[in-house]
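Asker: One structure coming up, written as structure tokens, with questions to follow.
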Amino acid sequence: MIRNLLLLLFCCFLLTNAFATHIAGGELFYEYMGPGATPGNSLYKVTMRLFRECSSTGQTLETESVTIGIYNGETMSEAATPVYLPRQGNISSIRANSNTIPCLSTPVDVCYQVGIFSADITLPDIPEGYILSWIRYSRQNSVNIANPSGAIFITSIPGTKMLPQGQHNSSPEFVMKDTVLVCRDNNFNLDFSAKDPDSDSLSYAFCTAYTGGNDRDPNPAPTAILSLTQIRYTSGFSGTSPLGSLVKIDPRTGKISGKAPAVAGGYVVNVCVTEWRNGVAINVHHKDFILKVGNCDFAAAMLPEKIMSCDSFTASFENGSLSSSILGYLWDFGDKNTTSDTSTNPTPTHTFKDTGIYAVKLIVYGKNGCVDSGVTNVYVYPGFTPNFTFRGSCYQSPFYFSDASVTRYGTVNSWDWDFGDLVATNDTSHLKNPAYLYPDTSTRTVTFTARTSKGCEKTITKAVVVRDRPDGYFAFRDTLICNIDTLQLIANTTAAISWQPSASNVILNPDSYTPLVFPKKDTWFVASLTENGCKGDDSVLVRVIDKVLLNLGPDTTICATDTIHFNPATNALYFNWAPLHAVSDPDIANPFAVPVSTSTTYQLHASVGKCFADDQIVVRTAPYPKAYAGLDTSICFGTSATLHGTVTGAYFSWNPPNLLLNPRSLNPQAAPTGTTSFILTVTDNAGCPKPVSDTMIINVIPQVRANAGRDTNIVAGQPLQLNATGGNTYYWSPSIGMNNPLIPNPVVTLGASYDSIRYRVRVSIEPPGCFAEDDIKVTIFKTAPDIFIPTAFTPNGDGRNDILRPVLAGMQRFNYFRIYNRWGQLLFSTTEQGAGWDGSFGSQEQPAGTYVFMAQGVDYQGKVIDKKGTVVLIR
């Protein structure tokens with residue numbers, strides 16, 4: 001069946017370099033074989049399982065050499081002589097290709113050879129335990145690691161610090177499913193579980209892989225100190241997320257599932273399995289492999305070995321293969337007396353008519369006529385509820401556990417108990433109603449698994465509190481009475497009880513759970529408890545006073561609307577405030593109150609039993625001072641504003657004072673250079689000392705920067721568009737020849753009657769009316785559009801005729817202005833209007849003489865104007 005080959009490609013180590021490209025995967029594990037030949041030693045069988053791609057041209061497994069290092073589990077220093085592991089038996093092969101997977105959409109041919117290298121070793125039982133390791137270089141350059149690297153295979157043996165005397169450990173061994181097909185960008189489920197010979201509980205997690213070795217020494221001898229260096233992952237990947245965020249590992253089952261990465265190639269994945277014994281992690285075992293994600297897809301029917309429906313007659317079903325190449329489903333739920341027990345839903349539910357074991361069959365239809373099927377048994381026996389009860393109190397006597405499970409079908413016939421004792425190995429039982437004696441106090445988590453004769457199985461847990469004495473609860477541990485009072489003690493317990501002191505002048509009924517006491521001084525009453533062999537003491541302190549003390553303090557004044565918190569000095573236990581609804585809680589010692597009038601009297605009656613005292617306090621209120629800083633305003637940069645503050649109170653101040661002229665006035669002048677908040681603060685001496693503040697903001701409009709544009713030249717009759725910037729309103733003057741003086745970009749047309757005209761523009765920001773002005777000179781040529789080049793210039797630094805500039809008249813675009821020497825060498829070039837040549841080239845002054853110029857522009861009518869000629873440089 002395809003389900004036995006699902007996910008069947010490339011899930012192995014793929015360590016490659018020039019010397020060791022044959023290594024494709026492996027796992028280092030061990031088995032405890034019994035005590036050694038001498039006391040204090042243990043015998044272990046250590047195994048290295050290696051894989052090699054059949055098509056590899058590198059070293060064969062027949063010639064591979066495996067020598068492991070043995071290190072102290074805490075210091076990482078060499079703890080024993082390195083051990084050579086000889087190969088055991090012949091090399092076997094595992095092959096998967098398109099012939100064995102008919103529904104595979106892309107042909108593949110995967111073949112791996114498997115070699116086993118093993119030896120028995122004897123090690124002393126030491127507290128720190130051991131780390132076993134083998135280093136091999138190198139890995140293939142995979143998608144999720146930065147550079148090619150080696151690998152360190154490790155496992156560990158817990159020491160006597162971790163395991164109690166007489167206990168030993170065999171490491172888990174991963175189930176051998178090392179050829180696994182994972183298709184890129186497809187959902188997948190990969191069973192990466194392990195088996196533990198000791199039946200320890202296992203949990204799984206992704207973890208960072210290690211690197212070691214180099215291309216000069218690909219199979220190095222074990223070093224004196226073991227160094228574990230983590231590999232570097234590429235962006236988006238890490239040791240705990242080696243396949244990206246869409247792939248997870250189930251910590252309970254070891255199943256890796258999710259959506260495979262979209263990029264095909266190898267991915268370094270390291271899985272750590274933690275062994276738990278009696279709730280304590282005793283070992284972490286590693287398997288490091290390269291998962292190769294292929295460019296493929298296939299359809300398959302994958303069902304679990306069995307499905308238990310022990311809660312209801314309705315069961316849910318889902319195919320374990322999530323391949324996108326599956327085109328259709330057909331489920332047959334195995335009901336024998338109906339033909340309607342089928343579904344084409346990918347994830348159906350079905351309600352069975354009766355109890356029983358049903359053979360459920362799934363058929364999937366893929367591309368190109370692919371058909372695959374799978375069968376599983378569904379056990380339908382609803383009405384099973386596991387439960388248990390227990391009796392016990394302290395560690396001095398056994399706790400008695402009783403199965404309280406119920407089942408509607410069959411009988412409960414199997415029980416597994418784990419009493420949660422972390423320091424014991426015998427804290428388990430298979431009896432229906434066992435007993436267990438705990439060695440000390442603690443809260444234990446008891447795990448109970450019940451099974452029925454119909455195959456149902458469920459697990460529950462409960463917390464069991466193990467105390468050092470019989471269980472008992474006292475209504476109070478410390479209390480206060482008046483010397484004329486009688487008090488009833490209350491003990492909630494099922495144990496026999498006896499109180500001390502037992503004298504009749506301080507207690508009545510000293511052997512009851514609710515005796516009456518009436519001491520005249522502070523007295524400890526001790527209760528002796530006895531139950532099922534458990535003994536213990538508990539106590540209650542009864543403090544005695546001869547009168548109630550009470551002092552609310554002097555009368556006070558607070559700010560109106562404020563809250564006052566009362567803190568009376570008293571030894572009372574019970575309180576009653578008046579007025580009743582004027583405080584937050586009239587029955588506590590220190591309530592809160594918010595007085596609503598200018599003067600309120602609060603009264604307190606305090607008592608202990610029959611003794612009491614009364615006191616009162618007057619709380620007056622004074623209004624808060626008032627402050628108003630005025631309305632926010634805006635000013636232009638460089639101007640000032642007058643603040644208008646009003647106050648009710650004795651004292652006031654402005655902040656910041658350094659930006660104000662006469663800050664001691666309620667109407668100071670402010671001239672900030674940027675937007676500023678001015679805070680007016682008022683205090684008073686009429687009973688409310690708290691300051692009150694108000695803020696006004698002066699928004700400073702940034703300095704207006706008017707720009708009318710650069711001076712320009714036009715020819716008579718040429719339309720010229722001006723373009724002013726800097727504000728939101730504009731006004732041009734004079735308006736001669738202008739189509740609209742109130743816009744930033746009016747069009748000007750001037751006749752031949754003008755030689756030149758200077759336009760001024762006022763640029764404003766409204767509101768608040770901040771402005772600035774700029775002007776532009778327009779020169780009118782009474783010629784056709786042209787480019788005028790002076791015939792000579794004198795770059796002598798006198799400020800006159802130092803730069804050779806073209807003069808543009810009637811041009812809408814300036815293309816270029818260039819200067820050449822008599823040998824045709826380009827000395828200067830520009831496309832910027834107003835730029836010119838200063839007579840130099842490369843910071844060197846050019847000699848006096850004749851030079852050639854070329855200039856080009858486009859006039860306002862779109863005609864290209866070319867100018868060529870000579871110019872004389874005069875020194």
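The values are calculated or read from the model by the stated rules, or taken from the named source; none is laboratory data. As the structure is a computational prediction, the values presented were derived from the model and not from experiment. So basically every Cβ, Gly included, is an ideal-geometry build from the backbone, and we count neighbours across all protein chains shown.
Asker: Looking at the range 679-698, can you tell me whether even one residue there is in a loop (DSSP other than H, G, I, E, B), basic (Lys, Arg), closer than 30 Å to residue 600 by Cβ and not assigned by TED's automatic domain parsing to the domain that holds residue 770?
Answerer: Yes, the range 679-698 has at least one match.
Asker: Of these, 689, 767, which one is modelled with pLDDT under 95 and under 30 Å from residue 652 (Cα atoms)?
Answerer: Among 689, 767, only 689 is modelled with pLDDT under 95 and under 30 Å from residue 652 (Cα atoms).
Asker: Here is a follow-up. Mind listing whichever residues of the range 297-354 are over 38 Å from the mean Cα position of the chain (by Cα) and of a type in the set (S, T, N, Q)?
Answerer: Listed by number, the residues that qualify are 312, 314, 337, 338, 339, 340, 342, 343, 344, 351.
Asker: Show the residue pairs that are 6+ apart or on different chains and have beta-carbon atoms under 6 Å apart, the first residue being within the range 382-397 and without any contact (Cβ under 8 Å) to a residue 24 or more places away in the chain, the second being surrounded by fewer than 16 Cβ atoms within 10 Å (Cβ to Cβ) and in a loop (DSSP other than H, G, I, E, B).
Answerer: Taking only residues 6 or more apart or on different chains, the pairs are 389/404.
Asker: Here is a list: 24, 18. Which entry is of a type in the set (A, V, I, L, M), surrounded by fewer than 20 Cβ atoms within 10 Å (Cβ to Cβ) and at pLDDT below 95?
Answerer: That would be 18, the only listed residue that is of a type in the set (A, V, I, L, M), surrounded by fewer than 20 Cβ atoms within 10 Å (Cβ to Cβ) and at pLDDT below 95.
Asker: Only residues that are closer than 26 Å to residue 783 by Cβ and of a type in the set (Asp, Glu): list them for the range 730-771, please.
Answerer: Scanning the range 730-771 gives a single hit, 755.
Asker: Further, regarding this structure: Would you point out the residue of the range 552-585, among those that are acidic (Asp, Glu) and either touching a Leu at 6+ places or on another chain (Cβ under 9 Å) or surrounded by 12 or more Cβ atoms within 10 Å (Cβ to Cβ) (or both), that is nearest to residue 481 (Cα to Cα)?
Answerer: Looking at residues that are acidic (Asp, Glu) and either touching a Leu at 6+ places or on another chain (Cβ under 9 Å) or surrounded by 12 or more Cβ atoms within 10 Å (Cβ to Cβ) (or both), I get 555.
Residue-by-condition table, conditions (1) surrounded by fewer than 17 Cβ atoms within 10 Å (Cβ to Cβ); (2) more than 13 Å from residue 712 (Cα to Cα); (3) not assigned by TED's automatic domain parsing to the domain that holds residue 867:
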position	(1), (2), (3)
797	yes, yes, no
800	yes, yes, no
803	yes, yes, no
810	no, no, no
814	no, no, no
825	yes, yes, no
831	yes, yes, no
834	yes, no, no
839	no, yes, no
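Asker: Let me ask something else about it. Run down 407, 411 and say which single residue is in contact with a Gly (Cβ under 8 Å, 6 or more places away or on another chain), within 18 Å of residue 310 (Cβ to Cβ) and modelled with pLDDT of 90 or more.
Answerer: 407
Asker: OK, next. Does the range 367-378 include one or more residues that are of a type in the set (Asp, Glu) and under 30 Å from residue 103 (Cα atoms)?
Answerer: Yes; the residues of the range 367-378 include at least one that is of a type in the set (Asp, Glu) and under 30 Å from residue 103 (Cα atoms).
Asker: Only one of 675, 712, 683, 695 is closer than 30 Å to residue 619 by Cβ and either more than 50 Å from the chain's Cα centre (by Cα) or touching a residue at least 12 places away in the same chain (Cβ under 8 Å) (or both). Can you tell me which?
Answerer: Result: 683 is the single residue among 675, 712, 683, 695 that is closer than 30 Å to residue 619 by Cβ and either more than 50 Å from the chain's Cα centre (by Cα) or touching a residue at least 12 places away in the same chain (Cβ under 8 Å) (or both).
Asker: Could you tell me whether residue 762 is loosely packed, with under 14 Cβ neighbours inside 10 Å, within 30 Å of residue 638 (Cβ to Cβ) and modelled with pLDDT of 95 or more?
Answerer: Spelling it out, it is not the case that residue 762 is loosely packed, with under 14 Cβ neighbours inside 10 Å, within 30 Å of residue 638 (Cβ to Cβ) and modelled with pLDDT of 95 or more.
Asker: If I filter the range 386-404 down to residues being modelled with pLDDT of 90 or more and more than 30 Å from residue 198 (Cβ to Cβ), which single residue comes out as farthest from the chain's Cα centre (by Cα)?
Answerer: 404
Asker: Then there is this: Could you check the range 59-89 and list, in sequence order, the residues that are assigned to a loop (DSSP other than H, G, I, E, B) and under 18 Å from residue 116 (Cα atoms)?
Answerer: 59, 60, 64, 65, 86 - these are the residues of the range 59-89 that are assigned to a loop (DSSP other than H, G, I, E, B) and under 18 Å from residue 116 (Cα atoms).
Asker: Run residue 251 past the list (1) modelled with pLDDT of 90 or more; (2) within 20 Å of the chain's Cα centre (by Cα) and report the number of the one that doesn't hold.
Answerer: Going through (1) modelled with pLDDT of 90 or more; (2) within 20 Å of the chain's Cα centre (by Cα) one by one, residue 251 breaks only (1).
Asker: Moving to a separate point now. Exactly one of these conditions fails for residue 263: (1) of a type in the set (Val, Ile, Thr); (2) touching a residue at least 60 places away in the same chain (Cβ under 8 Å); (3) surrounded by 16 or more Cβ atoms within 10 Å (Cβ to Cβ). Give me its number.
Answerer: Unmet for residue 263, out of (1) of a type in the set (Val, Ile, Thr); (2) touching a residue at least 60 places away in the same chain (Cβ under 8 Å); (3) surrounded by 16 or more Cβ atoms within 10 Å (Cβ to Cβ): (3).
Asker: While we're on this one: Given the conditions (1) at pLDDT 95 or above; (2) exposed (fewer than 15 other Cβ atoms within 10 Å of the Cβ); (3) in a loop (DSSP other than H, G, I, E, B), and given that residue 624 satisfies all but one, which numbered condition is not satisfied?
Answerer: All conditions are met except number (2).
Asker: Name, by its number, the condition in (1) of a type in the set (A, V, I, L, M, F, W, C); (2) at pLDDT below 75; (3) assigned to a strand (DSSP E or B) that does not hold for residue 121.
Answerer: (2)
Asker: Of 353, 361, 367, which residue is basic (Lys, Arg) and crowded, with 16+ Cβ neighbours inside 10 Å?
Answerer: Details: 353 fails: crowded, with 16+ Cβ neighbours inside 10 Å; 367 fails: crowded, with 16+ Cβ neighbours inside 10 Å.
Within the list 353, 361, 367, the selection yields 361.
Asker: Across the range 30-60, which residue is farthest from residue 168 (Cα to Cα) among those that are crowded, with 17+ Cβ neighbours inside 10 Å and of a type in the set (A, V, I, L, M, F, W, C)?
Answerer: Residue satisfying both the conditions and the ranking: 51.
Asker: Of the conditions (1) modelled with pLDDT of 95 or more; (2) surrounded by 13 or more Cβ atoms within 10 Å (Cβ to Cβ); (3) over 25 Å from residue 594 (Cα atoms), residue 636 clears all except one; give me its number.
Answerer: Going through the list (1) modelled with pLDDT of 95 or more; (2) surrounded by 13 or more Cβ atoms within 10 Å (Cβ to Cβ); (3) over 25 Å from residue 594 (Cα atoms), residue 636 breaks only (1).
Asker: Which condition number in (1) modelled with pLDDT under 95; (2) assigned to a strand (DSSP E or B); (3) of a type outside the set (A, V, I, L, M) is the one that residue 504 fails?
Answerer: (2)
Asker: Hey, residue 714 hits all of (1) surrounded by 17 or more Cβ atoms within 10 Å (Cβ to Cβ); (2) at pLDDT 95 or above; (3) more than 30 Å from residue 560 (Cα to Cα); (4) of a type outside the set (Phe, Trp, Tyr) but one; which does it fall short on?
Answerer: Single failed check for residue 714: (2).
Asker: Within the range 524-561, count every residue that is under 30 Å from residue 599 (Cα atoms) and of a type in the set (Val, Ile, Thr).
Answerer: 5
Asker: Could you tell me whether the range 514-522 includes any residue that is assigned by TED's automatic domain parsing to the domain that holds residue 491, modelled with pLDDT of 95 or more, surrounded by 13 or more Cβ atoms within 10 Å (Cβ to Cβ) and not in a loop (DSSP other than H, G, I, E, B)?
Answerer: Yes - at least one qualifying residue is present in the range 514-522.
Asker: A follow-up question, please. Please count how many residues of the range 287-302 are crowded, with 23+ Cβ neighbours inside 10 Å and of a type outside the set (Gly, Ala, Ser).
Answerer: 7
Asker: Of everything in the range 412-434, what is surrounded by fewer than 18 Cβ atoms within 10 Å (Cβ to Cβ), of a type in the set (Val, Ile, Thr) and either touching a helix residue (DSSP H, G or I) at 6+ places or on another chain (Cβ under 8 Å) or not in a loop (DSSP other than H, G, I, E, B) (or both)? Give them in sequence order.
Answerer: The one that is surrounded by fewer than 18 Cβ atoms within 10 Å (Cβ to Cβ), of a type in the set (Val, Ile, Thr) and either touching a helix residue (DSSP H, G or I) at 6+ places or on another chain (Cβ under 8 Å) or not in a loop (DSSP other than H, G, I, E, B) (or both): 428.
Asker: Go through the range 398-411 residue by residue and tally those that are in a strand (DSSP E or B) and either in contact with a Phe, Trp or Tyr (Cβ under 7 Å, 6 or more places away or on another chain) or buried (at least 19 other Cβ atoms within 10 Å of the Cβ) (or both). Give the steps one after another, and end with the answer.
Answerer: First, pick out the residues of the range 398-411 that are in a strand (DSSP E or B): 399-403, 406.
This time we only want the ones that are either in contact with a Phe, Trp or Tyr (Cβ under 7 Å, 6 or more places away or on another chain) or buried (at least 19 other Cβ atoms within 10 Å of the Cβ) (or both), so: 399-403.
Residues meeting the conditions: 5.
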